[in-house]
Every structure is written in C-alpha cells, then in structure tokens.
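Quick notes on the structure that follows.
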Amino acid sequence: MFRAFFYTIFFILGTGLLFSNYAYKNDMYYDSIYKESVLLIKNDKVNEAILFLKEINNHYKYTLYHETNINAHYDLGQIYLSRIADYELANFHFDFIFKNLHSRPFKKNKLENVDSYLKNSQELRLKSLFMLGYIYHNHLGNFTRAQKYYKLFLDQYKDTELTSSVMYELELINKAINDFNQINK
C-alpha cells in the first residue's frame, strides 16, 4: 500500500515537472521568435515579421495576458497603422491590449533590464489607449470615439508624457466640432 502511494506521488511529481519544463521551453521558443520578429521589423522585412507575430498571438490566444503576446499585439498594431494603413486591424491589436491589461498607476520599473527586447506591458497599455484615440481622430474621422478614448486616457494616465498630446488632440476635435456646428446653424 505504501509503495503504491509512493509510486503515485512520484508519478504525479514527475509528470508535473515534465509539463512545467515543456511550458518553459515553449515560452522560450516564442520569446525567441519574438526577438527574431523585432530584427525583421528593423530590417524592413515586415511581412515575415507579421507571420512570426501572428504565430505568437495564435499560440497565446487562450491566455489573456502574456508579456510576449502583449508585445506582439502592440508591434502588429504599429505595423498595421504605420506601414500597411489598415486602421481597423491596428485598432483590433491596440484594443486587445487596452481591454486585457488592467489599469495600474504608470511607473517605469527601475530594475527593468534596459536592453530587454520586451516593452513594459503597462507602458504598452498607455500607448495603446492613446493610439485608439489617435486612429479614430486622425484616420477614421470618428470624433466621438476619439474623445471617449482620450478622456479615458486623461482619467487613467493624466500625469504622463503623452498628456499634452492628448490635450492637443482634444482641442483639435473640439474646434472641428464647433466649426461644423457653426457651418450647419
């Protein structure tokens, strides 16, 4: 009886270690293809980078938060915004980050490795929220949605380096709305 119990415990522990080691190696693989995608983007091989970034997103699709996945979503958002001009896809990726990372006070981690290839997740949330307002204002012409995201930004990140840009964007939106209302009186 004791021997059977011992073997059962040994089997459970061994299996657990095996799977945890597999998950660690799996994460290492996706971290390495993320590093490769960063190099591809720097070398203007955007289509190849997109394939790697989508592979990362697909692997972590049932995980709301994983730092490599969040970075992959952000990079895809930037590519679709800046290089491909597909604003709906850019919005999808920025919205994923905004909705799946909970708001916390924004702080740079002083212990963070400066040479790290991964960006700070909370910084990506801040930038994604800004980008949602920016895309709706400057590319999709939806001032109501742009205002919504910019006001959320000011509520959550009022003392950051992007605050002045958000205030400027809101001034432009308000001026455009006022001009429209004056013309249509």
(request) Could you list, in sequence order, all residues of segment 129-158 that are without any contact (Cβ under 8 Å) to a residue 24 or more places away in the chain and in a loop (DSSP other than H, G, I, E, B)? (result) GLY141, ASN142, LYS158
(request) Would you tally the residues in segment 71-112 being modelled with pLDDT under 95 and not in a helix (DSSP H, G or I)? (result) 12
(request) Could you identify the single residue in GLU88, GLU67, GLU48, GLU36 that is under 21 Å from PHE153 (Cα atoms), without any contact (Cβ under 8 Å) to a residue 60 or more places away in the chain and either in contact with a Lys or Arg (Cβ under 7 Å, 6 or more places away or on another chain) or surrounded by fewer than 22 Cβ atoms within 10 Å (Cβ to Cβ) (or both)? (result) GLU88
(message) I need a count of the residues in segment 16-66 that are modelled with pLDDT under 85, of a type in the set (Phe, Trp, Tyr) and within 22 Å of SER116 (Cβ to Cβ).
(response) 2
(message) Restricting to segment 51-64, and then to whatever is charged (D, E, K, R) and either touching an Asp or Glu at 6+ places or on another chain (Cβ under 9 Å) or surrounded by 13 or more Cβ atoms within 10 Å (Cβ to Cβ) (or both), can you tell me which residue is farthest from ILE97 (Cα to Cα)?
(response) GLU55
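The values are calculated or read from the model by the stated rules, or taken from the named source; none is laboratory data. Computed from a predicted model, the values in this text were never measured in an experiment. Note that we place each Cβ from the backbone using ideal geometry, even for glycine, and neighbour counts take in every protein chain shown.
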